[in-house]
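Heads up, the thing below is written out as structure tokens.
The values are calculated or read from the model by the stated rules, or taken from the named source; none is laboratory data. Source: prediction; values computed, not measured. Using ideal geometry, Cβ is built from the backbone for each residue, glycine included, and neighbour counts are taken over all protein chains shown.
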Amino acid sequence: MSWVSYVLIGLVRTLVGAAARYIDSGPCKGQAIYFANHSSHIDTIALWSALPHNERLRTRPVAAMDYWGHDWLRRYIAVKGLNAVLINRSHKQVGADPLGPLREALKQGDSLIIFPEGTRHPERLPGPFKSGLYRLARHFLMSPSFRSIWRTCTAVCRKVLCFPSP
């Protein structure tokens, strides 16, 4: 992990108090696909920083190339700070596989954090899922390592606010 990773983790833990709470299980010992409702930009960092250190080292958030690859600072934070997998959501290339980078990460043994709605959604419960989560799960789930995280940062950081709410 880079220095950016530690800065992000410290900042989010200080502002949000991100910590994992396992119900009926402990930290994942194998590969996992974590999925959650996406309500703000802080969701990804909060979920990733809440994971135990060893689990975080092999867990890669999935991020939209059109946003996180837009300029050098965002790309640096995504790639160097979070070790994110950037995906192309534009579907402009005929025959392009937007799930290709995710499949490659899973083949390498990495876990993923994915927001299957494809965009931020202000409600506590997830919006309609895109089909990518289903396709990945169908292809890669050979063991019971599929995990879900439903409670996200809707109560902590609203899309319209610049600061966490109490």
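Numerical summary
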quantity	calculated
Subset of segment 1-51 that is modelled with pLDDT under 75 and polar (S, T, N, Q) - its residue that is surrounded by the fewest Cβ atoms within 10 Å (Cβ to Cβ)	Ser25
Any chance Asp97 is at pLDDT below 90, surrounded by fewer than 18 Cβ atoms within 10 Å (Cβ to Cβ) and of a type in the set (Asp, Glu)	yes
Of all residues making up segment 42-72, the number that are free of Cβ contacts under 8 Å to residues at least 40 places away in the same chain and closer than 17 Å to Ile9 by Cα	6
Residue check, Thr59 at pLDDT below 85 and under 15 Å from Ala36 (Cβ atoms)	no
